[in-house]
1. Which of the residues that make up the range 53-82 are in contact with a helix residue (DSSP H, G or I) (Cβ under 9 Å, 6 or more places away or on another chain) and assigned to a loop (DSSP other than H, G, I, E, B)?
2. Please give the number of the condition residue 36 fails out of (1) closer than 19 Å to residue 6 by Cα; (2) surrounded by 15 or more Cβ atoms within 10 Å (Cβ to Cβ); (3) modelled with pLDDT under 95.
3. Hey, could you check the range 8-47 for residues that are in a strand (DSSP E or B) and under 16 Å from residue 90 (Cα atoms) and say which is nearest to the chain's Cα centre (by Cα)?
4. In the range 1-24, what residues are free of Cβ contacts under 8 Å to residues at least 60 places away in the same chain and either loosely packed, with under 13 Cβ neighbours inside 10 Å or under 14 Å from residue 98 (Cα atoms) (or both)?
5. Any residue in the range 47-61 that's at negative phi and free of Cβ contacts under 8 Å to residues at least 12 places away in the same chain: show its pairings with residues that are part of a helix (DSSP H, G or I) and surrounded by 21 or more Cβ atoms within 10 Å (Cβ to Cβ) at Cβ separation under 9 Å, as long as the two are six or more apart or on different chains.
6. Within the range 25-41, work out how many residues are over 23 Å from residue 83 (Cβ atoms) and touching a residue at least 60 places away in the same chain (Cβ under 8 Å).
């Protein structure tokens, strides 16, 4: 099973006003990229996950969200998609995690 194009389009429409993103199909899902690398992913079952690190992990744990396998991505709480302000704040932290990972990779 692969991510549905309709759901991916929905996610892109929600995220693009906050930050220019691109997408790439990968492993049945879709990677969501910002200028620093992958900041989110849509899994094959149409679940949106954002990149996490020490700066935002507690937000996901407090919301009881689950990690995607052993990867640094956690499911985004569904109610975050209901508010563009909340979505922007969560995306900003995810992009910061992607930026930090990019800096580590370049060292």
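1. Those that are in contact with a helix residue (DSSP H, G or I) (Cβ under 9 Å, 6 or more places away or on another chain) and assigned to a loop (DSSP other than H, G, I, E, B): 53, 54, 55, 56, 63, 65, 66, 72, 76, 77.
2. That leaves (1) as the condition not met.
3. Out of the qualifying residues, it is 40.
4. 1, 5, 6, 9, 13, 16, 20, 21, 22, 24
5. 54/97
6. 3
The values are calculated or read from the model by the stated rules, or taken from the named source; none is laboratory data. Remember, predicted model here, so these are calculated numbers, not experimental data. Note that we place each Cβ from the backbone using ideal geometry, even for glycine, and neighbour counts take in every protein chain shown.
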